[in-house]
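What follows is a set of notes on a single structure, which appears directly below.
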Amino acid sequence: MRVFLIAVTSMIAVAVGAYYGLNLIQKPADVAFAVSGARLDAPGQPGG
Amino acid sequence: MFKAALIALLLAAAIPTAHAQAPSRQEAPASGFNPTATEVKEQDLLNALSKVEGRISIPDTRAATLIQPAGQTWRDYRRGPLLWITAAIVLGMMALLTLFYLIRGRIRIEGGRGTRTVLRFGAFERFMHWVTAASWCVLAVSGLNIVAGSRVLLPLIGQDAFSTVSGWLKYSHNFLAFPFTSGVVLMLLVWVRHNIPNRMDLEWFRQGGGLFGHRHPHSRKFNGGQKAVFWIVVLGGGALAATGFTLMFPFYITDVTGMQLAQIAHGGVSLLMIGAMLGHIYIGSVGMEGALDAMNSGQVDRKWAAAHHDLWLAEVDAKSTPSGHPAE
Amino acid sequence: MARVKFLCDADRCIDCNACVTACKNANEVPWGINRRRVVTINDGKPGERSVSMACMHCTDAPCAAVCPVDCFFTTADAVVLHSKDLCIGCGYCFYACPFGAPQYPKLGNFGSRGKMDKCTYCSGGPEGADGSAAEFAKYGANRMAEGKLPLCAEMCSTKALLAGDGEIIAQIYRERVLKRGYGSGAWGWQTAYKETVNV
């Protein structure tokens, strides 16, 4: 039972890690589909 | 000269009349230039390539696919055969197991449990098993929810609640893919040396694995059935990871046609795996007395071990000195 | 009620992208999301054709059939709408859509690509509240509720893109083809509506 709980905890830890890891490579469409000359200065977006 | 001009005039006058009488796209247009001579035709493109693609001026290059009718084929598969196959495998396997339970009952340790146990799986083996098993259970449920949830769960709990639940299940499906894959890789590395098929497995299968009757075929650490489960998990899990990660990173690896095929493969393999795993879960829990101990405490009854894994027990005993057994 | 459709007369479309711009502006579509786009086939070769494409609001819409949470609704005008409250952003509609209409605010893994966005035929959202600010923010303009057709077709500089009752726009296209003597057909109609405009 103890090993089972450790396994479930690790499983959740890896999943949460994957969530944050994947968010690093996640691109919003406005950044991904903008050419270098585009100014993205909408609210909440980094200015360019 | 005058004659030629007159003919041209007559021809030009004749064209609209021809249209009015028998409209046909093959007629030369009034301008004298026929733009349809070299024109691209939708049907020709669909016949040749099964999709229509072109050039697009926005940075989203995948938008250059104009028409892909294969999406409709995928839809027809998803709302038809997929549902029937899912129902047949899940419900069929459950019915089969229930029937088996009613006929065979719980497979008991003959003469009841003994007092002495032997270590079958160490802490790490149990750990990797449960990482894989726990994530697999959530993956299976969330996957089935994507396939059939809107027909099974939605009518029960309503659209808003179902959407919320499905959203969370989708997140768990995506992110539990990582512990699941890790668990499968660990099991492959740790257990593969015990799972090379050999002649003894054929004999095990020939005797029906001792599922019927009371004789137990010889077996080392893993018997034929367990080896089959191992390879189903490793190969099936590998295929699920490959197709699943393809779907998780849309357009990184393949285009929309590739993703349709990946989804079909992902669903098909996971259904086969769900069928096999239901059997594995049954025999590892209610189906057989003493089996769950192997993955719970790791300590199994020596009488159980002697019946199901006689050669393995002999190996373990040979390795340890007779007085080396922990007293229980 | 009418069965509304889009029809792009590829022999008139000049790839000016006014429809794309009109759509973007009318609906305040975010950066990187294109509800409508213009694709040029055989670009630079003799016989090239440009086609403006968005959601075709298909008969027996594939997106609606594959949606795992059943978030699609068809209006009385046969416009296919989806609820952004129910959408879980799984991406299934994109696999099924023959026209590449569904768009997502994020690109990477499908677990968190956000709520799907697509052409609403300028009909707002499926939740009612026609013309409200909340509806506009979520789905864009609701011109249909005001008795107006989608702005892309209304703004088309060559009147290549037609919107409206399918029977009427098919008749307009038929008359054009008869008059000028050629026409490359109603692109996408066979796939979307299982019928084409016979001239």
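Residues that are of a type in the set (G, A, S) and out of contact with any helix residue (DSSP H, G or I) (no Cβ under 8 Å at 6 or more places or on another chain) were ranked within the range C:44-63; the one that is most open to solvent (accessible area, probe 1.4 Å) is C:G44. For the range B:165-185, does any single residue satisfy the condition of being touching a strand residue (DSSP E or B) at 6+ places or on another chain (Cβ under 9 Å) and either away from chain C (no Cβ under 12 Å) or of a type outside the set (S, T, Y) (or both)? There is no residue in the range B:165-185 that is touching a strand residue (DSSP E or B) at 6+ places or on another chain (Cβ under 9 Å) and either away from chain C (no Cβ under 12 Å) or of a type outside the set (S, T, Y) (or both). The combined condition, being of a type outside the set (F, W, Y), facing chain B (nearest Cβ under 8 Å) and touching a residue at least 24 places away in the same chain (Cβ under 8 Å), is not fulfilled by C:P150. Against the conditions (1) more than 28 Å from A:Y19 (Cβ to Cβ); (2) surrounded by fewer than 19 Cβ atoms within 10 Å (Cβ to Cβ); (3) under 27 Å from the mean Cα position of the chain (by Cα), B:A242 satisfies every one except (1). What pairs come up if the first residue lies in the range B:254-282 and is farther than 15 Å from B:T98 by Cα, the second is open to solvent by 30 Å² or more (accessible area, probe 1.4 Å) and not in a helix (DSSP H, G or I), and their beta carbons are under 7 Å apart, counting only those six or more places apart or on different chains? Once the first residue is farther than 15 Å from B:T98 by Cα and sits in the range B:254-282, its partners that are open to solvent by 30 Å² or more (accessible area, probe 1.4 Å) and not in a helix (DSSP H, G or I) give B:A262/B:T254. If I filter the range C:79-90 for residues that are surrounded by 22 or more Cβ atoms within 10 Å (Cβ to Cβ), of a type in the set (V, I, T), over 24 Å from B:L169 (Cβ atoms) and in contact (Cβ under 8 Å) with a residue 12 or more places away in the chain, do I get at least one hit? Yes: the range C:79-90 contains one or more residues that are surrounded by 22 or more Cβ atoms within 10 Å (Cβ to Cβ), of a type in the set (V, I, T), over 24 Å from B:L169 (Cβ atoms) and in contact (Cβ under 8 Å) with a residue 12 or more places away in the chain. With respect to A:A38, determine if the residue is at pLDDT below 80 and open to solvent by less than 40 Å² (accessible area, probe 1.4 Å). Against the criterion (at pLDDT below 80 and open to solvent by less than 40 Å² (accessible area, probe 1.4 Å)), A:A38 qualifies. Tallying residues that are of a type outside the set (D, E), touching a residue at least 60 places away in the same chain (Cβ under 8 Å) and surrounded by fewer than 16 Cβ atoms within 10 Å (Cβ to Cβ) within the range B:297-315 yields 1.
Taking the criterion of being under 17 Å from B:L119 (Cβ atoms), more than 14 Å from chain A (Cβ to nearest Cβ) and part of a helix (DSSP H, G or I), the residues of the range B:276-306 that qualify are B:R302, B:K303, B:W304, B:A305, B:A306. Please indicate, with yes or no, whether at least one residue in the range B:69-87 is open to solvent by less than 80 Å² (accessible area, probe 1.4 Å), within 30 Å of A:F33 (Cα to Cα), more than 24 Å from the chain's Cα centre (by Cα) and modelled with pLDDT of 85 or more. Yes, that holds for at least one residue. Counting only residues that are surrounded by 14 or more Cβ atoms within 10 Å (Cβ to Cβ) and of a type outside the set (F, W, Y), the range B:88-106 holds 5 of them.
Taking every residue in the range B:40-53 that is at the interface with chain C (Cβ under 7 Å from one of its Cβ atoms) and pairing it with any residue that is modelled with pLDDT under 80, at least 6 positions away or on another chain, the pairs with Cβ-Cβ distances below 9 Å are B:V52/B:V40. Among the strands (runs of 3 or more DSSP E) confined to the range C:21-108, the ones with at least 3 residues that are more than 14 Å from chain A (Cβ to nearest Cβ) and over 30 Å from A:Y20 (Cβ atoms) are located at C:37-41, C:49-53, C:72-74.
Apart from one condition, C:G131 fits all of (1) in contact (Cβ under 8 Å) with a residue 24 or more places away in the chain; (2) more than 26 Å from B:T257 (Cα to Cα); the exception is (1). Scan the range C:171-199 for residues that are of a type outside the set (K, R), part of a helix (DSSP H, G or I), open to solvent by less than 50 Å² (accessible area, probe 1.4 Å) and within 23 Å of C:C16 (Cα to Cα) and the total you get is 3.
Could you grab me the full set of residues in the range B:52-68 that are in a loop (DSSP other than H, G, I, E, B) and crowded, with 19+ Cβ neighbours inside 10 Å? Listed by number, the residues that qualify are B:G54, B:Q68. Contact map, the range B:98-110: first residue touching a residue at least 24 places away in the same chain (Cβ under 8 Å), second residue surrounded by 10 or more Cβ atoms within 10 Å (Cβ to Cβ) and of a type in the set (K, R), Cβ cut-off under 6 Å, separation 6 or more or different chains; pairs are B:I109/B:K303. The one condition from (1) open to solvent by less than 10 Å² (accessible area, probe 1.4 Å); (2) more than 23 Å from C:T191 (Cα to Cα) that C:P68 does not meet is (2).
Just one of the numbered conditions (1) out of contact with any Gly (no Cβ under 6 Å at 6 or more places or on another chain); (2) open to solvent by 80 Å² or more (accessible area, probe 1.4 Å) is not true of B:L119: (1). Restricting C:D43, C:D11 to residues that are in contact (Cβ under 8 Å) with a residue 12 or more places away in the chain and of a type in the set (D, E, K, R) narrows the list to C:D11. Apart from one condition, B:Q263 fits all of (1) within 14 Å of chain C (Cβ to nearest Cβ); (2) open to solvent by 20 Å² or more (accessible area, probe 1.4 Å); the exception is (2).
The values are calculated or read from the model by the stated rules, or taken from the named source; none is laboratory data. Since the model is a prediction, treat every value here as computed from it, not as a measurement. Heads up, the Cβs are rebuilt from the backbone with ideal geometry, glycines too, and the neighbour counts pull from every protein chain shown. The protein model used for the area step is the full one, side chains on, heavy atoms only, and it has no ligands, DNA or RNA in it. Shrake-Rupley method; radii C 1.70, N 1.55, O 1.52, S 1.80 Å.
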